[in-house]
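To start, the structure itself, in structure tokens.
Bear in mind these aren't lab numbers, they're just calculated from the coordinates by the rules spelled out. Please read these numbers as outputs of a predicted model, since none were measured by experiment. Ideal geometry is used to build each Cβ from the backbone, glycine not excepted, and the neighbour counts take in all protein chains shown.
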Amino acid sequence: MSFTPAFKIGQIVSIDELKTEFQVGNCGSIRKSTENECLVLISNNLSKTKEYTDNWQGDIFYYQGMNIKDKKLQGQNKALADGGVPAYLFEVLKNKEYTYQGQVSLAGSYEIKEIACKDGTNKDIIIFPLKKV
């Protein structure tokens, strides 16, 4: 099955439009659509709980995946790392507005980094280098 979203690059959509188009739930930074056989990646640097800031460096987007435990790649992180299904990126640049960036794929190997959290603890995060397809 080949899924082509109706959104245009740069289009701003609501969470309800995103959920309806991709047939995904409302939680998580990586959302799997079984119906459309794809992943939806949400980059929300406005979140008050996020310690790492996703960012563009040239044409590569450094994206923090879902929380990781014991340095093990699993769940949606594993699905993104394996590259077996298409992934579509949205950036939240303004509260409740999801800007469609298009389909992305891995631009290299992911990295697991230990970062200091706002509460004084440390945790491991996974960073995926992504490029537009």
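Numbers for the structure displayed
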| item | result |
| --- | --- |
| Quotient of Cα Rg and 2.2 N^0.38 Å for segment 1-69, N being how many residues it contains | 1.20 |
| Nearest-0.05 FRET efficiency for Lys19 and Asp119, computed from C-beta distance (R0 22 Å) | 0.10 |
| Net charge, Gln23 excluded, C-beta distance under 14 Å - Lys, Arg +1, Asp, Glu -1 | -2 |
| Contact order normalised by residue count of the chain, Cα under 8 Å, 6+ apart, percent | 27 |
| Separation of the Asp59 and Glu111 label points, Cα + 7 Å toward Cβ, nm | 2.1 |
| Cα-projected label distance for Lys50 with Glu97, points at 7 Å along beta-carbon direction, nm | 1.6 |
| Per residue Cα convex hull volume in Å³ - calculated over the chain | 108 |
| Estimated 222 nm signal from helices in the chain, with DSSP H stretches of n ≥ 4 weighted -39500 (n - 2.57), rounded to 500 | -3000 deg cm²/dmol |
